[in-house]
Amino acid sequence: MERVYNFSPGPSMLPVPALEKAAKEMLSYGSSGMSVVEMSHRSKVYMEIQKNAETLLRELMSIPDNYRVLFLQGGASQQFAMVPMNLYKTGKADYMKTGQFATKAIEEAARFTDVSVVASSEDKTFSYIPEFDRSKFNPDADYMHITSNNTIFGTRFTELPDTGNVPLVSDMSSCILSEVCDVSRFGLIYAGAQKNMGPAGVCVVIVRDDLVREPMEKTPLMLQYRTHVKEESLYNTPPGFSVYMCMNVFQWLKDLGGVPAIQKINEAKAKLLYDFLDESRLFKGTAERKDRSLMNVTFVTGSKEMDEEFVKSAAAAGLVTLAGHRSVGGMRASIYNAMPVEGVEKLVKFMKEFEAARG
Ligand code: PMP
């Protein structure tokens, strides 16, 4: 069976060399005589895998030395709670409401802290990134939370809010490693692996040392950053295979030239699609131009039936998982790091033919 171009928003396509390496090593990793999925997480060989994954990520993102890198479980969704529980000091936090996951983060945080929504794009179905009005920011908030890339509605922050001394926290699940990012602008970054890093099961947290502090009372040990910092992400059994796959993906990205190189490719891929959407008579992009995501390209034909027909016929042509999120419909092409340029070229060609066939 030939591989398809999979435009899934996550879990998503992974680079073939990373998958091939895993296939080759499935029965015996190195000289261990066993698969990574069979290994004790306390073994030297596994600990080297995890260290190597961390070293590669630090290199790729130029993570400063005063930040810890954690490999946790519970997905990005668990961070919606861990962030307010661990950063709790004054009991106030600012949030920007720019999508469905930002909304979930807000709802979860509101269970633990006093949340202020300081900017929102809900009035236009999250199709843009709102202007920030600094006068609305709370100078004594414990942190400000943003969602750097909006996976469902296809927008991204191209500029960061200036929060002064208030730490900036970002959910980068759907854009981590897609473009150059200055980690020092953030207090904490988190991202589920299943888009740009590896299989589901691991969530990467990059946290500045001073934010690894005493959490709110009764925070379970498993939900404390300081537990995982102290135990180097080995407090309990980690998702070893996911971490190992992340290592393979990080190595692939490094060999390719790192984040600056993939950013260029991502910009070129997104341009191919957006340029076509801008000239098309049938398809229309749904995100405001200035805020368009490089990773999730959302579009519609204007007819629900036609959208469904498009998704179905594209799948038959080997271009799969193009349906928009179940809450919004339409189409969404997720073109993460591992989506080759050829996949996007093939999609644009297919869209042109689909349009031409309908006059
Ligand atoms: N945040 C964003 C931006 C996401 O795209 C997702 C998942 N698609 C999540 C959070 C939730 O991640 P998880 O399923 O890993 O909990």
- Grab every C-alpha pair in segment 121-197, bin the distances at 10 angstrom width from 0 up to the longest one, and report whole percents. 17, 49, 31, 3
- Carbon-plus-sulfur fraction of the accessible area of the chain, 1.4 Å probe, in percent? 52 percent
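Assigning unit charges at the beta carbon (Lys, Arg +1; Asp, Glu -1) and nothing else, what dipole magnitude in debye, to the nearest 20, does segment 150-276 show about its Cα centre?
Working: 12 positive and 14 negative charges, 51 e Å.
The dipole magnitude comes to about 240 debye.
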- Around Glu267: net Lys/Arg minus Asp/Glu count, Cβ-Cβ under 14 Å: +3
- Note on the structure: Square roots of five times the C-alpha gyration tensor eigenvalues of segment 1-125, ordered largest first and given in whole Å, equal 37, 22, 13
- Along Cα→Cβ, 7 Å out, is where each label goes; now give me the distance between the ones at Ala261 and Lys44 in nm to one decimal. 3.2 nm
- Query: Beyond 19 Å, what percent of the Cα pairs of segment 174-248 remain?
  - Reply: 44 percent
- Once the Cβ-Cβ distance between Ser135 and Asp278 is put in as r, and R0 is 35 Å, what FRET efficiency do you end up with, to the nearest 0.05? 0.50
- Task: For every helix of n ≥ 4 consecutive DSSP H residues, a contribution of -39,500 (n - 2.57) applies; sum these over the chain, divide by its total residues, and give [θ] at 222 nm rounded to the nearest 500 deg cm²/dmol.
- Result: -11000 deg cm²/dmol
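I'd like the FRET efficiency for Ser31 and Lys230, computed as 1/(1 + (r/R0)^6) with the beta carbon distance as r and R0 of 25 Å, rounded to 0.05.
In this case the efficiency is close to 0.20.
How much accessible area per residue does segment 122-245 have, counting only protein heavy atoms and a probe of 1.4 Å, in square angstrom?
That works out to 40 Å² per residue.
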- Task: Determine Rg/Rh for the chain; Rg is computed over alpha-carbon atoms and Rh is the Kirkwood hydrodynamic estimate from the same atoms.
- Result: 0.98
- Note on the structure: Among Leu272, Gln79, Pro11, the residue whose Cα sits farthest towards the positive end of the charge dipole of the chain (+1 at Cβ of Lys and Arg, -1 at Cβ of Asp and Glu, taken about the Cα centre) is Pro11
- Task: Might you report the magnitude of the Cβ-based charge dipole of the chain about its Cα centre, with Lys and Arg at +1 and Asp and Glu at -1, to the nearest 20 debye?
- Result: 360 debye
- Query: So, how do all the Cα-to-Cα distances of segment 183-303 break down into 5 Å bins, in percent, from 0 on up?
  - Reply: 2, 8, 13, 14, 16, 13, 11, 9, 7, 4, 2, 0
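Report the full-extension gain for the segment Ser62 to Glu353: residue separation times 0.36 nm, less the Cα-Cα distance, to one decimal in nm.
Computed gain between Ser62 and Glu353 is 100.5 nm.
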- Query: For segment 205-359: lysine pairs with Cα atoms under 17 Å, gap of 8 or more or different chains, count?
  - Reply: 17
- The FRET efficiency for Asp209 and Asp123, from their Cβ-Cβ distance with R0 = 45 Å and rounded to 0.05, is 0.70
- Task: In whole angstrom, note down how far apart the Cα centers of segment 238-295 and segment 7-69 are.
- Result: 21 Å
- Item | Span per principal axis, largest first, for the Cα atoms of segment 259-357 (Å) | 40, 28, 26
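The values are calculated or read from the model by the stated rules, or taken from the named source; none is laboratory data. Just so you know, these numbers come straight off a predicted model, no measurement behind them. Backbone-built Cβ (ideal geometry, glycine too); neighbour counts: all protein chains shown. For the accessible areas, the whole protein counts, side chains as well, though only heavy atoms, and no ligand, DNA or RNA atoms are used. Shrake-Rupley method; radii C 1.70, N 1.55, O 1.52, S 1.80 Å.
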